[in-house]
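Notes to accompany the following structure.
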Amino acid sequence: MPKMPYRVGMTLESAPDSVVSAHSATPGSEWWRTAVIYQIYPRSFADSTGDGVGDLPGITSRLPALAELGIDAIWLSPFFRSPQKDAGYDVSNYCDVDPLFGTLADFDRLLEVAHGLGLKVIADMVPNHTSDQHVWFQEALASPEGSPERDRYMFRDGLGPNGDIPPNNWESVFGGPMWDRITNPDGTPGQWYLHIFDKSQPDLNWENPWVREQFYGILRFWLDRGVDGFRVDVAHGMIKQAGLPDYTPPAEGASMGGTGTDDSVLAPAIEDPTAPPEPPYWGQEGVHEIWRGWNRVLAEYEGDRVLCAEAWVDPLQKVALWVRPDEMSQAFNFAYMFTDWKAPALKRVITESIDAFGAVGAPATWVLSNHDVVRHASRLALTKDSPQGAGIGPNSPGKPDPVVGLRRARAATAMMLALPGSAYLYQGEELGLPEDMELPDESRQDPTWFRTQGEKYGRDGCRVPIPWESDRPAYGFNTSGHSWLPQPRDWAPFARDAQDGVPGSTLELYKDALRLRREHDLGSSTLTWVKGYGRSVVAFRTGDVLVLANLGKVAVELPVGEILLASEAITGGALPTDTTVWIHA
Ligand code: NOJ
């Protein structure tokens, strides 16, 4: 239970600079350096009440299945109080559970059961913005211009004689302007406030020490309860360039922050000297001081608590700045996630990742899917005609071939789970789930869809509740059959029970890979590239395992050796296309 109950607005403990005790384990031995972390999207994992939205007791009831899968930790997307305008990434109270998901007691129970199963639990902190329903914002609206309450957020006067022109030309990641104008309590038009995302998500002013203090208290609230760390939302966006200068992205769309609404994240991992500068709201130097403060708060606690940055910046050398020893522990590797299914590109990004993160003493991380991007069982079969960043829907051209997609996804995961460092999985990928590309317009909920007037489908297609039992209502997601996004009619073969114990199923492939990864200590092994298999094969040795992934069109002769793992059946001593094997070397 918390040592110090936290209430909004109360005076918090001293700033972390004054903290002298540090409990971190010997640097280099922390659990998260090699962990496989499984992302749970609470709305879509398991629903105990039958209202169609997943919840914490539902998650708790299914934790044994995750322990059996062989992961080390779960990361829970936000379950805090929220009007759910952006599926919980719009928080109205950081120190309570939204009734949609349960209660604080449900959370404590989840934590207890997870820890009992040997699973660490990572919460998702959303510090760049709050909900517009948060009391801090409501107080700001009710307070005069220039007041301390207004200074918690990014309020500015409008331009032009009537102040009716937004303070600058920035465009929201979800589409439309990044500014909205408020109405004063007396009914007159007022100032404008900044929101990088939806207008219901006003950006906090992180230059304000009061804001920093509030978050130290929020972190301690959850650390006191026993969480093992935080995934930090939009960790690259919290400080804006002084003066908020206008910014026009290059025509082809350089860096817009990559929450799945923009394909800029396809940018190459390698530094391009001719690349345009970062937008004035991403990757500003001032963010790093914030992470040093958070690092000190975590060091007050026993055990190795983890901070993982969602930092959509490139190149990787810049991402590595977030994980210097006194800042965060890990950062998502989006450059790897969006590398084309081509062997030379993969070899390059893997090398660069290990080098860039290694240069600052951090583990490399690997990820192929999450709740913001097209599931990799579909994405890896996309053609140039269907831009993946904007989501895929009924009218998208160039739909990916599901057979090719799943085959590549299995090969990609088998390759990823052999890499040194830490890996992230997204719920449902262990079942080989594809993107749901047929969601009807009327069921869509992603603000991207609304803010672009349907031009971009957005992220609902990867957020559909996952199937557990093939012949139960809502495939066992709940007992009522309701589901906040409709589930496809043809998902029965993907259900967990249809794959459990079935040789060759995607679920069994994941289980085997995770078990072997642990047995062979691959998370902490050193990768060495192996030559001689040709340009289209990713070939490396790690520990006592030789990994070969054939991305070419022709089969490749396999060396003699015991095959530990194969993403497809191997016959005749040859490695077929889009297949990965682990060989005992
Ligand atoms: C990144 C999250 O992953 C995404 O789902 C959310 O919409 C934005 N940040 C805004 O919080």
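The values are calculated or read from the model by the stated rules, or taken from the named source; none is laboratory data. Bear in mind that the values here come from a model prediction, so they are computed numbers and not experimental data. In this analysis, Cβ positions are derived from the backbone assuming ideal geometry, glycine residues included, and neighbour counts consider all displayed protein chains. Calculation scope for accessible area: heavy atoms of the full protein, side chains included, ligands and nucleic acids excluded. Shrake-Rupley method; radii C 1.70, N 1.55, O 1.52, S 1.80 Å.
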Over the range 366-479, relative contact order from alpha-carbon pairs under 8 Å, at least 6 apart, %: 32
Neighbourhood charge, 12 Å Cβ-Cβ cut-off, centred on residue 325 and excluding it, Lys, Arg +1 and Asp, Glu -1: -1
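When all alpha-carbon pairs of the range 416-566 are counted, what percent fall beyond 27 Å?
Counting every Cα pair in the range 416-566, those more than 27 Å apart make up 44 percent.
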Cβ-based charge dipole, the range 377-463, positive-most Cα from 431, 421, 461: 421
Kyte-Doolittle mean at least -0.5, axial Cα span of 24 Å or more - DSSP H helices of the chain: 209-225
For the range 450-534: rounded, prolate or oblate by the Cα gyration tensor [a/c cutoff 1.5]: oblate
Cβ-based net charge around residue 194, under 11 Å, with every Lys or Arg adding one and every Asp or Glu removing one: +1
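Give the percent of DSSP beta bridges with both residues in the chain that are antiparallel, rounded to the nearest 5.
55
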Relative contact order of the chain, pairs being alpha-carbon contacts under 8 Å that are 6 or more residues apart, as %: 14
The range 536-585 and the range 334-389: distance between their alpha carbon centers, rounded to Å: 20
Listed residue pairs exceeding 30 Å between alpha carbons, taken from 318/553; 318/342; 85/240; 85/384; 199/347: 318/553; 85/384; 199/347
Cα gyration tensor shape for the range 68-181, rounded if a/c is under 1.5, else prolate or oblate: prolate
Portion, in percent, of the accessible area of the chain that falls on carbon or sulfur, probe 1.4 Å: 53
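Given the chain, report the % of alpha carbon pairs whose separation exceeds 43 Å.
Within the chain, distances greater than 43 Å cover 16 percent of Cα pairs.
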Cα pair distances of the range 368-435 binned at 10 Å [whole percent]: 22, 52, 23, 3
Per-residue [θ]222 nm for the chain (sum of -39500 (n - 2.57) over DSSP H runs n ≥ 4, rounded to 500): -6500 deg cm²/dmol
Cα pair distances in the range 105-252, grouped into 5 Å bins until the bin that holds the longest one, percent each: 2, 8, 15, 19, 16, 12, 9, 7, 5, 3, 1, 0, 0
12 Å beta-carbon shell around residue 569, net charge (K/R +1, D/E -1): +1
Long-range tail of P(r) for the range 530-585 (Cα pairs > 17 Å, %): 24
For the chain, accessible area per residue (1.4 Å probe, heavy atoms of protein chains only), Å²: 37
Relative contact order (percent, whole number), the range 75-230, Cα cutoff 8 Å, 6+ residue spacing: 23
